[in-house]
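All remarks here apply to the structure that follows.
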Amino acid sequence: MVASAQSHDMLQIAAAAADAKGGEDLVALDVSEPLPLVDIFLLVTGRSERNVAAIADEVEDRLLEAGHKRLRREGRQESRWVLIDFGDLVVHVFHEEERIYYGLERLWKDCPVVPVELPTPAAAED
C-alpha cells in the first residue's frame, strides 16, 4: 500500500502547523505497508515542554479546522512526547531528549520518507 492523497494533504496541514510553532527536524514516514491502519507518521521536535505542547495544540487545531477527526491524543500533560492520532496520520511531537532516546526513525528505517513541503516565508519588501 501507499499513503493516500488525503494522508498527504493532512501531512502538509500538520507540517505547516508544526513549523508555525517552531517545530524542528520534521520527518514524515510512509508506514502504510507495515501498519494497515495508518499511512503516515510525522515526527517533530520541540525545544521545551512548553514548545512541544504548543506545537501539538496547533497541529491538532489546524487538522480539526480542516475537518479531520482526532481519534486519540496521549502525552499532553507531560509534553515530552505527544502523540496525536488522526487515523491516516499520526503526529509524534517530541522533546529533543525523547526523540533521541526512542529513535523512531531507526525503528521505521525501512519505510519510505515522505517529502514535507513547508510554506516559504514571504520575502521582506524593501
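Condition test on SER32, is it part of a helix (DSSP H, G or I) and modelled with pLDDT under 95?
No; evaluated as a whole, the condition is false for this residue.
Restricting to the range 16-51, and then to whatever is of a type in the set (Val, Ile, Thr) and under 11 Å from the mean Cα position of the chain (by Cα), can you tell me which residue is nearest to LEU89 (Cα to Cα)?
Step by step, filter the range 16-51, then rank; the result is ILE40.
Hey, could you check the range 81-103 for residues that are surrounded by fewer than 18 Cβ atoms within 10 Å (Cβ to Cβ) and out of contact with any Gly (no Cβ under 9 Å at 6 or more places or on another chain) and say which is nearest to ASP39 (Cα to Cα)?
GLY87
Could you run through the range 53-83 and say how many residues are of a type outside the set (Asp, Glu) and within 21 Å of HIS8 (Cβ to Cβ)?
Within the range 53-83, residues that are of a type outside the set (Asp, Glu) and within 21 Å of HIS8 (Cβ to Cβ) number 13.
For the range 28-52, name all the residues that are within 17 Å of HIS8 (Cβ to Cβ) and in contact with a strand residue (DSSP E or B) (Cβ under 6 Å, 6 or more places away or on another chain).
ALA28, LEU29, ASP30, VAL31, VAL38, ILE40, PHE41, LEU42, LEU43, VAL44
Which members of the range 27-69 meet the condition of being closer than 16 Å to GLU98 by Cβ, in contact with a Leu (Cβ under 8 Å, 6 or more places away or on another chain) and of a type in the set (A, V, I, L, M)?
The answer is VAL27, LEU42, LEU43, VAL44.
For residues that are in contact with an Asp or Glu (Cβ under 6 Å, 6 or more places away or on another chain) and of a type in the set (A, V, I, L, M, F, W, C), scanning just the range 70-84, find the one that is farthest from TYR101 (Cα to Cα).
Filtering the range 70-84 for residues that are in contact with an Asp or Glu (Cβ under 6 Å, 6 or more places away or on another chain) and of a type in the set (A, V, I, L, M, F, W, C), the one farthest from TYR101 (Cα to Cα) comes out as LEU71.
Could we say that GLU58 is surrounded by fewer than 11 Cβ atoms within 10 Å (Cβ to Cβ) and either modelled with pLDDT of 95 or more or aliphatic (A, V, I, L, M) (or both) here?
For GLU58, the condition - surrounded by fewer than 11 Cβ atoms within 10 Å (Cβ to Cβ) and either modelled with pLDDT of 95 or more or aliphatic (A, V, I, L, M) (or both) - is not met.
The values are calculated or read from the model by the stated rules, or taken from the named source; none is laboratory data. Nothing here was measured: the structure is a model prediction, and the numbers come from that model. All Cβ positions, glycine included, derive from the backbone under ideal geometry; neighbour counts span all protein chains shown.
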